[in-house]
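Working notes for the structure below.
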Amino acid sequence: MKLTIDVRKLNAQKKYAGDVTFEFVGDNSLIEIPYVTFSSPVTARLHYEILEDDSVEITGSVTFSLKGLCSRCLQEAEQTFSGEVDAYFVPRDGESEDYRYFGGVIDLDDCLGDAVMLALPGRLVCGENCIALEWSEQ
């Protein structure tokens, strides 16, 4: 499913700022923690603002849950994580570090994928009081 914002339509409706919410399935290939997957859809809550030059500023958050084996004790674990979305889209080609959009439609897939990737933890733990496995050399 493509997650998009149609700038042309919003301009025609004179909706130059607003809020949108999307839910989508997280890409498990982004997770580098063994035996961990997304346990809920990713929820993106976004605020957009269309500027006079048709560039678009998008801010907001992504929230998702992961489940799998605790990285410390190997027990089942599930945690919820949040990350920020702060993106700037320009309506043209060229050399720029900003996101670009074409045909008046913003494709949010890369932007939201980046936000999820930045919010991913380095490990999943079952809780603050987790006792790590002890390795014994015999």
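Give me a count of the residues in the stretch 68-93 that are in contact with a strand residue (DSSP E or B) (Cβ under 8 Å, 6 or more places away or on another chain) and either loosely packed, with under 15 Cβ neighbours inside 10 Å or under 20 Å from F24 (Cα atoms) (or both).
So the count comes out to 15.
With the structure loaded, tell me whether G18 is surrounded by 17 or more Cβ atoms within 10 Å (Cβ to Cβ), over 14 Å from L3 (Cα atoms) and in contact with a strand residue (DSSP E or B) (Cβ under 8 Å, 6 or more places away or on another chain) or whether it fails that test.
Values: surrounded by 17 or more Cβ atoms within 10 Å (Cβ to Cβ): no; over 14 Å from L3 (Cα atoms): yes; in contact with a strand residue (DSSP E or B) (Cβ under 8 Å, 6 or more places away or on another chain): yes.
No, not satisfied.
Could you grab the pairs with beta carbons closer than 7 Å, sequence gap of 6+ or different chains, first residue in the stretch 101-114 and under 18 Å from E23 (Cβ atoms) and of a type in the set (S, T, Y), second one crowded, with 20+ Cβ neighbours inside 10 Å and at pLDDT below 95?
Going by the 7 Å Cβ cut-off, there are no qualifying pairs.
Taking Y99 and the conditions (1) touching an Asp or Glu at 6+ places or on another chain (Cβ under 8 Å); (2) surrounded by 21 or more Cβ atoms within 10 Å (Cβ to Cβ); (3) of a type in the set (F, W, Y), which numbered condition does it fall short on, given that it satisfies the others?
Looking at each condition in turn, Y99 falls short on (2).
Select from the stretch 15-40 the residues that are more than 30 Å from C70 (Cβ to Cβ) and either more than 15 Å from the chain's Cα centre (by Cα) or without any contact (Cβ under 8 Å) to a residue 24 or more places away in the chain (or both) and list them in ascending order.
K15, Y16, A17, G18, D19
List the strands (runs of 3 or more DSSP E) inside the stretch 3-120, counting only whole elements, that have at least 3 residues being among the aliphatic types (A, V, I, L, M).
Filter on the stretch 3-120 gives 42-50, 56-69, 76-90.
If we keep just the residues of the stretch 40-55 that are at pLDDT 95 or above and touching a helix residue (DSSP H, G or I) at 6+ places or on another chain (Cβ under 7 Å), which is farthest from K14 (Cα to Cα)?
V42
Return yes when A12 is without any contact (Cβ under 8 Å) to a residue 40 or more places away in the chain, farther than 17 Å from L108 by Cβ and not acidic (D, E) and no when it is not.
On the way: without any contact (Cβ under 8 Å) to a residue 40 or more places away in the chain: yes; farther than 17 Å from L108 by Cβ: yes; not acidic (D, E): yes.
It is true that A12 is without any contact (Cβ under 8 Å) to a residue 40 or more places away in the chain, farther than 17 Å from L108 by Cβ and not acidic (D, E).
The values are calculated or read from the model by the stated rules, or taken from the named source; none is laboratory data. A quick note: this is a predicted structure, and the numbers were derived from the prediction, not measured. Please note: Cβ atoms are built from the backbone with ideal geometry, for glycine as well, and neighbour counts cover all protein chains shown.
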